[in-house]
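Below: the structure, in structure tokens.
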Amino acid sequence: MTDPMLLNRELETALLGLNKVATRRIYKESGLTPTGFAEMVFMPVLDSIGDKWEKGEVALSQVYVSGRICESLLNELLPAEGSDLKITPPMAVAVLEDSHLLGKRILCSVLRAGGYQFTDFGQQHLESLVTRVHSENIRILLVSTLMLSSALRVKELRRRLDTAGLKVKLIVGGAPFRFDASLWKEVGADATSPTASGAISIIQRLIREVEDENL
Ligand code: B12
């Protein structure tokens with residue numbers, strides 16, 4: 001495997017140069033799996049590009065195209081469907097009041113690769129999300145947010161689910177939860193993970209908890 005620091009520098013140059021061909025070549029030469037590349041290379045490089053945008057060092061158009069290049073490469077590389085689906089309590093994935101979709105894309109691939117059955121609710125507003133959780137009897141909900149304002153909306157989501165008497169295990173993730181390690185507790189979630197692949201062990205634990213509650 002290429003030196004990770006070098007890999008990240010090369011990828012950042014390729015993305016800011018809006019060079020998709022170089023991005024694909026860097027992936028191929030990295031020797032990493034698609035999920036490994038997404039978590040170890042795309043994520044830190046996009047964090048760095050986000051920081052540079054905040055400091056006014058890169059244009060929003062560069063952030064936008066970088067995101068689009070990563071998205072299109074991930075769509076090519078990540079599996080669309082898994083096999084041997086496990087029977088689990090009803091589970092769903094959603095992006096809450098946010099347009100940042102790459103984290104959810106990776107999360108869905110990891111869950112499919114792990115053989116988990118779930119519904120992808122896509123982008124949701126709080127109201128519609130509560131309605132779908134209710135009507136589809138969801139017991140485990142994975143929520144991705146990238147804007148801090150959206151992450152804070154999870155607190156209201158928790159309140160609304162509790163008020164409606166819905167027993168839902170809530171797993172949250174996305175940049176605000178990576179940057180503030182206690183935010184998930186503050187918004188009333190049951191768990192978080194800094195990576196999509198970290199969600200698997202959490203889900204296994206929460207499935208056992210839901211099954212115990214059903215006894
Ligand atoms: C690419 C990007 C965009 C793209 C999004 C393209 C797309 N289709 O997704 C575009 C250009 C559209 C965009 C727009 C905006 N963006 Co933007 N964007 C980013 C950037 C650079 C990267 C995000 C990303 O895709 N990262 C890669 C993915 C893979 O990482 P991830 O989502 O964190 O997911 C990983 C983990 O967190 C985890 N995970 C994610 N979800 C979940 C869920 C669960 C349950 C679990 C367990 C794990 C998990 O798994 C993944 C890895 O395995 C971030 C910088 C950053 N630090 O995040 C800014 C950032 C998120 N954007 C920001 C802003 C401000 C905006 C805009 C408001 C800009 C504007 N003025 O218009 C708009 C708002 C859009 C909206 N309404 O939602 C800010 C948010 C600041 C804040 N405090 O809220 C950031 C942090 C940049 C910054 N440093 O200021 N953006």
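Where a number appears in this text, it was derived from the coordinates with a stated rule and is not lab data. Source: prediction; values computed, not measured. Here the Cβ positions follow ideal geometry from the backbone for every residue, glycine too, while neighbour counts run over all protein chains shown.
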The answer for the net charge of residues other than Leu101 whose Cβ lies under 15 angstrom from its Cβ, with Lys and Arg +1 and Asp and Glu -1, is -1
On a 0 to 90° scale, report how tilted helix 148-163 is relative to the longest principal axis of the chain, with both axes built from alpha carbons and the result rounded to the nearest 10. 10
Taking R0 as 45 Å and r as the Cβ-Cβ distance between Lys167 and Trp53, the FRET efficiency 1/(1 + (r/R0)^6), rounded to the nearest 0.05, comes to 0.65
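How big is D, in µm² s⁻¹, for the stretch 137-191 by Stokes-Einstein at 20 °C and 1.002 mPa s if Rh is the Kirkwood radius over C-alpha pairs? Kindly include the intermediate steps, with their values, before the conclusion.
On the way: Rh = 11.1 Å.
In µm²/s, the coefficient rounds to 193.
So for the chain, Kirkwood radius off the Cα pairs, Stokes-Einstein at 37 °C and 0.692 mPa s: how many µm² s⁻¹?
Working: Rh = 18.1 Å.
D = 182 µm²/s.
Which value, in nm² and rounded to one decimal, describes the direction-averaged projected area of the C-alpha convex hull of the stretch 91-214? Don't jump to the answer; show the numbers that get you there.
On the way: hull surface 26.5 nm².
Quarter of the Cα hull surface area: 6.6 nm².
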Using only Cα atoms, tell me the angle between helix 4-16 and the longest principal axis of the chain; keep it within 0 to 90° and round to the nearest 10. 80
For the chain, find the longest principal axis of its Cα atoms and tell me its angle to the long axis of helix 102-113, 0 to 90°, nearest 10. 70
Which value results for Rg/Rh of the stretch 16-88 when Rg is the Cα radius of gyration and Rh the Kirkwood radius based on the inverse mean 1/r? 1.07
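Which entries of Lys20/Lys104; Lys28/Lys55; Lys28/Lys86; Lys28/Lys104 show an alpha-carbon separation above 29 angstrom in the structure shown? Provide the component values of the computation, followed by the final result.
Working: Lys20/Lys104 21 Å; Lys28/Lys55 31 Å; Lys28/Lys86 31 Å; Lys28/Lys104 23 Å.
Pairs exceeding the cut-off: Lys28/Lys55; Lys28/Lys86.
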